[in-house]
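Where a number appears in this text, it was derived from the coordinates with a stated rule and is not lab data. Computed from a predicted model, the values in this text were never measured in an experiment. Cβ placement follows ideal geometry from the backbone for every residue including glycine, while neighbour counts extend to all protein chains displayed.
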Amino acid sequence: MKRNNFMIVGLALAVIMIAMLLVNGSNGNDKYKNFNELHQQERQDEDYRISSEERNPDIASIAIHGGGIEPGTTDLAEQLAFAGDYSFYSFQGIKASNNTDLHIDSTNFDEPEAVALVSDSYYTVSFHGYEDELEKHTYLGGLDEALAQSIEIELKKAGFSVSDAPKEINGEEKDNIVNQNRQSKGVQLEISTAQRMAFFEEGDFSSGNRDNRTEEFYDYVEAVGRALDGG
């Protein structure tokens, strides 16, 4: 009887986790369907900021839900681009609150600078966040299976918990911006809240503390960089 109860509890927890991923990964809950809609209502450099820099156009490191939307993702994308001399893009929520209003699903994200930079790249890595404050974990998705496997190997070598993304957030849609590069395939990293918090001192990923990065932050970025550079 106890064993059956444990199984029921386990199944219930699994259902809750999937439901959370669906809520946070579904474009049905987005306030704006595309960038044009957002641009009509929100103010650039007051509500949101766009950061873009082309270095090595063959590799793009991006965070389309950056700033206060999915905290920590801009920092990862920017540091990876800086360390590897890759091209960089981030769309950042900079409101005092309600930055999730600025979330546009990856399959609908059509901000012109992002589209241009990704279209010009051969390899693309897109950093995202999902809600889980208990487990430090990364889900890998996207259509570039070879690069995803290399990233998984390097992250695991560095001591990080990694697995394939569940269908709801696996980034395998052809119209996902990460798959809009010259190969029509990229890698999407979905990083838990707990893992992103661990990248910053005292587990604080608020805007005022994101410059205070932990060794874990740099270990993570270096692992992804090794995968992009072929190990």
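Assorted remarks:
- Residue check, residue 106 over 21 Å from residue 217 (Cα atoms), surrounded by fewer than 16 Cβ atoms within 10 Å (Cβ to Cβ) and either over 14 Å from the mean Cα position of the chain (by Cα) or not basic (Lys, Arg) (or both): no
- Residues located in the stretch 80-122, provided they are assigned to a strand (DSSP E or B), under 23 Å from residue 184 (Cα atoms) and either small (Gly, Ala, Ser) or touching a Leu at 6+ places or on another chain (Cβ under 6 Å) (or both): 87, 89, 90
- When residues in the stretch 35-62 are screened for being assigned to a strand (DSSP E or B) and within 15 Å of residue 121 (Cα to Cα), 9 of them pass.
- Of the strands (runs of 3 or more DSSP E) lying entirely inside the stretch 128-193, those containing at least 2 residues that are under 25 Å from residue 110 (Cα atoms) span 138-141, 187-192.
- When the stretch 194-210 is filtered for residues that are touching a strand residue (DSSP E or B) at 6+ places or on another chain (Cβ under 9 Å) and not in a helix (DSSP H, G or I), the ones remaining, listed by number, are 199, 200, 206, 210.
- Positions within the stretch 77-104 being more than 25 Å from residue 32 (Cα to Cα) and of a type in the set (A, V, I, L, M), in sequence order: 80, 81, 83
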